[in-house]
Amino acid sequence: MRRTAVLAIALTLAPLPAAADVTAHYAVGRDTLSVEVDDNGDYRAEVAGKVMLLRRAGTDYVVIFQGAVPLVVERQAFLKLAKNMVAGTFPPSGERRDVRIGSAGEEVVAGRRGTSWSIRVADSDGNSIRAVMSADRDLAPVGMVFMNVLDAGLETFGAMLPASNFGEALREVMAKGAPLRLSLGEEVQLRSVSAAQIDAARFALPGPVMDSAAFDQAMSKRSEPADADEVPEAPPLP
């Protein structure tokens, strides 16, 4: 359950600008992340059966699945709960450790060319965060999803991070376009892109919206409610 909550935090999105319909499929470990954005600015970002983020008619929602049960809550309520959940788990800032950005040339991922970037602690040869970023125009809405994910995360949790320029550096790299590959803990790699029109039913809420107290209580349960409804099946992905 904790890993699912972390996925939801990582996927929490800010509003997106209007653009042509686009769907991108990414491999995330053994899972698949689909990011769908329509020409009205609605979106659906989903790791199937685990977590879904929806923007519908100007309102953002988080959906976490407990088995077949969708737990739906507005994004801001979820972020407040998530912030309380992780409060106190970060160590004191201690000595400031800044990072540096480096470029490693071009790379092709899923038939698309991008520039490879790395972020690592200055004066260190240790592990680094790596990203292959594409400036392709048709991927711009997908890039905005990831950019806004980062902004939402920094706004909510930035003050808890150790003293560093890490947030600014990561934002600088993510602002360069859409990720084709992103190594940040678990690798996220683009597999395919579709420009097919997205059925409006893809952006329907899969269940009733819960208030924060009910959502928090439901998240703390390990078993499904006995009277749980089946999740309505959405139209197929483009």
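The values are calculated or read from the model by the stated rules, or taken from the named source; none is laboratory data. Everything numeric here is computed off the predicted structure, so don't read it as measured data. Quick reminder, even Gly has a Cβ in these numbers, built from the backbone with ideal geometry, and neighbours come from all protein chains shown. Protein only, heavy atoms only, side chains kept; ligands, DNA and RNA dropped before computing areas. Shrake-Rupley method; radii C 1.70, N 1.55, O 1.52, S 1.80 Å.
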(request) Would you confirm whether any residue within the range 228-237 is farther than 18 Å from R120 by Cα and modelled with pLDDT of 85 or more? (result) no
(message) I need a count of the residues in the range 25-52 that are among the polar types (S, T, N, Q), in a strand (DSSP E or B) and either in contact with a Phe, Trp or Tyr (Cβ under 7 Å, 6 or more places away or on another chain) or open to solvent by 30 Å² or more (accessible area, probe 1.4 Å) (or both).
(response) 1
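Okay, residues lined up against (1) open to solvent by 60 Å² or more (accessible area, probe 1.4 Å); (2) modelled with pLDDT of 85 or more; (3) assigned to a strand (DSSP E or B); (4) not charged (D, E, K, R):
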| residue | (1), (2), (3), (4) |
| --- | --- |
| L54 | no, yes, yes, yes |
| D60 | no, yes, yes, no |
| T115 | no, yes, yes, yes |
| D123 | yes, no, no, no |
| V142 | no, yes, no, yes |
| N148 | no, no, no, yes |
| L154 | no, no, no, yes |
| F157 | no, no, no, yes |
(message) Considering only the range 192-206, I want to know if a residue exists there that is touching a Pro at 6+ places or on another chain (Cβ under 7 Å) and either of a type in the set (S, T, N, Q) or at pLDDT below 90 (or both).
(response) yes
(request) Residue by residue through the range 101-113, note down the ones that are of a type in the set (G, A, S) and either free of Cβ contacts under 8 Å to residues at least 12 places away in the same chain or part of a helix (DSSP H, G or I) (or both). (result) G105, G111
(message) Please go through the range 125-140 and give me each residue that is out of contact with any Ser or Thr (no Cβ under 9 Å at 6 or more places or on another chain) and at pLDDT below 90, ordered by number.
(response) D125, G126, N127
(message) Looking at the range 87-113 only, could you name the residues that are modelled with pLDDT under 85 and in contact with a helix residue (DSSP H, G or I) (Cβ under 7 Å, 6 or more places away or on another chain)?
(response) F90
(message) If I filter the range 181-201 for residues that are part of a helix (DSSP H, G or I) and either closer than 21 Å to R55 by Cβ or free of Cβ contacts under 8 Å to residues at least 40 places away in the same chain (or both), do I get at least one hit?
(response) yes
(message) Looking at E187, E168 in this structure, which one is open to solvent by 70 Å² or more (accessible area, probe 1.4 Å) and over 27 Å from G67 (Cα atoms)?
(response) E168
